[in-house]
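Let me begin by presenting the structure, written as structure tokens, before commenting on it.
The values are calculated or read from the model by the stated rules, or taken from the named source; none is laboratory data. None of these values were measured; they are calculated from a predicted model. Reconstructed Cβ throughout: ideal geometry from the backbone, glycine too, with neighbour counts over all protein chains shown. The protein model used for the area step is the full one, side chains on, heavy atoms only, and it has no ligands, DNA or RNA in it. Shrake-Rupley method; radii C 1.70, N 1.55, O 1.52, S 1.80 Å.
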Amino acid sequence: PLVVASVITGLGAINAKSCGKIGGVAVTYYITTTVMASILGLCLVSIIKPGSGNQDDDYVGTEGVTLNQNTNTLDTIMDLLRGAFPDNIVQATFGKHATELTNMTRDDGSTYLKRSLEFKSGMNMIGVIVFSIFVGVIMSLYPEESAPLMKVIQAVNDLTMRLVTLILWYSPIGIFFLIAGQFAGVENFGEMMAQLGMYMVTVLVGLAIHFFIFLPAIFFGI
């Protein structure tokens, strides 16, 4: 509700010509930064390998098991473009299609990775944003007809913002117990901390490169 209401109210309240330009810039910016972040993330994960622990890097797995292995850059980009135009906008709010790698065995005993498109839980953010931009543009073109709906969406946006603010005040308590539950079920604490440390390094390096290199390059390039 927060994303949909904020985008629609923001675009629906401005001039139609400006709205179309802003919407195009927003979609282009989102796609560009997402693709760059995806490529950067895949590169860093393949180099640092956070969470690998003592597992063998050449491990293939059991037949029919979906591997915890990254898809390549092309798969990520295609998933992103495919998600921009979801078949069902309601379904896009709680699920999305993504490429999965599954270990398969041939008749001669050799193994290979089979790519398939699977439905996974999690919001299809880019699909929701693109849908909201189109709705906001249409509402800006017909301000009189869309005025009653705009009031409803504005009210939803205001109420959602207040709800999010309230949740943020109590979220540290829930996060504390979630982390405590994960720590309680760990068998090898040292290995887990090492994997967590490598994960934090990967995230911080990715954020630093994205913030200090990619985003300034886009800003000064535009």
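A few notes on this one:
- Filter pass, Lys114 being open to solvent by 80 Å² or more (accessible area, probe 1.4 Å), free of Cβ contacts under 8 Å to residues at least 60 places away in the same chain and part of a helix (DSSP H, G or I): no
- Residue check, Phe177 touching a helix residue (DSSP H, G or I) at 6+ places or on another chain (Cβ under 9 Å), open to solvent by 60 Å² or more (accessible area, probe 1.4 Å) and over 29 Å from Thr33 (Cβ atoms): no
- The residues in segment 86-102 that are open to solvent by 70 Å² or more (accessible area, probe 1.4 Å), under 15 Å from the mean Cα position of the chain (by Cα) and modelled with pLDDT of 85 or more can be counted, and the count is 2.
- Counting residues in segment 182-198 that are part of a helix (DSSP H, G or I), modelled with pLDDT of 90 or more and loosely packed, with under 13 Cβ neighbours inside 10 Å gives zero.
- Matching option when the condition is in a loop (DSSP other than H, G, I, E, B) and either open to solvent by 50 Å² or more (accessible area, probe 1.4 Å) or of a type outside the set (S, T, N, Q) (or both), among Asp158, Asp108: Asp108
- Pick from segment 157-209, criterion in contact (Cβ under 8 Å) with a residue 12 or more places away in the chain and over 23 Å from the mean Cα position of the chain (by Cα), ranking: farthest from Ser46 (Cα to Cα): Glu191
- So Phe131, is it aromatic (Phe, Trp, Tyr), on the phi < 0 side of the Ramachandran plot and without any contact (Cβ under 8 Å) to a residue 60 or more places away in the chain: no
- Residue check for Phe134: open to solvent by 20 Å² or more (accessible area, probe 1.4 Å), closer than 30 Å to Gly10 by Cα and aromatic (Phe, Trp, Tyr): yes
- Taking the criterion of being open to solvent by 60 Å² or more (accessible area, probe 1.4 Å), at pLDDT 65 or above and either part of a loop (DSSP other than H, G, I, E, B) or closer than 22 Å to Tyr112 by Cβ (or both), the residues of segment 32-71 that qualify are Ser46, Lys49.
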